[in-house]
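Asks: Would you mind keeping the following structure in view while I ask a few things?
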Amino acid sequence: MELVAESLPDSPPVDFERDLYGADVPAAMELISRTDPEVGTLLVVGHNPTMAQLVGAFMPDEPLDSFPTAGLAVIDLEVEWLYAAPGTGAARLLT
């Protein structure tokens with residue numbers, strides 16, 4: 001995260017959620033739903049298989065053949081974090 005933050009024009013606030021390590025998709029979504037609605041962009045960094053499953057849960061119609069180490073998926077949500085739920089169609093994969 002330090003390398004990413006150095007390349008940004010402004011240093012973003014960073015929170016480390018120990019509960020994300022080893023979390024399943026429902027637990028990861030619960031953590032994401034706690035995000036303040038004023039936050040416009042959220043970077044979630046975690047381990048597979050949870051991260052691949054999380055992306056797959058949001059994008060059930062998008063083929064997710066693999067999610068490599070250090071992979072990145074950009075998902076645009078059309079709802080506030082609190083209401084972001086996999087499979088609702090309220091998200092689209094940008095990258």
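Asks: Can you spot a residue in the stretch 48-61 that is among the aromatic types (Phe, Trp, Tyr), at pLDDT 85 or above and not in a strand (DSSP E or B)? Even if it seems obvious, please write down each step before you answer.
Replies: Initial filter on the stretch 48-61 (among the aromatic types (Phe, Trp, Tyr)): 58.
Next, only the ones that are at pLDDT 85 or above stay: none.
Within the stretch 48-61, none of the residues are among the aromatic types (Phe, Trp, Tyr), at pLDDT 85 or above and not in a strand (DSSP E or B).
Asks: Hey, can you tell me all the residues within the stretch 18-40 that are under 22 Å from Pro68 (Cα atoms) and assigned to a loop (DSSP other than H, G, I, E, B)?
Replies: Across the stretch 18-40, the qualifying residues are Tyr21, Gly22, Ala23, Asp24.
Asks: Which pairs have Cβ atoms under 8 Å, sit 6 or more apart or on different chains, and link a residue in the stretch 3-21 that is more than 15 Å from Arg34 (Cβ to Cβ) and in contact (Cβ under 8 Å) with a residue 12 or more places away in the chain to one that is among the basic types (Lys, Arg) and part of a helix (DSSP H, G or I)?
Replies: none
Asks: Would you please name the residue that is surrounded by the fewest Cβ atoms within 10 Å (Cβ to Cβ), looking only at residues in the stretch 1-17 that are more than 20 Å from Pro68 (Cβ to Cβ) and of a type in the set (A, V, I, L, M)? Can you show your working first?
Replies: Filtering the stretch 1-17 for residues more than 20 Å from Pro68 (Cβ to Cβ) gives 2, 5-17.
Next, only the ones that are of a type in the set (A, V, I, L, M) stay: 5, 8, 14.
Numbers: Ala5: 11, Leu8: 8, Val14: 11.
Restricting to residues being more than 20 Å from Pro68 (Cβ to Cβ) and of a type in the set (A, V, I, L, M), the top hit is Leu8.
The values are calculated or read from the model by the stated rules, or taken from the named source; none is laboratory data. From a predicted model like this one, the values you see are computed outputs, not experimental measurements. In this analysis, Cβ positions are derived from the backbone assuming ideal geometry, glycine residues included, and neighbour counts consider all displayed protein chains.
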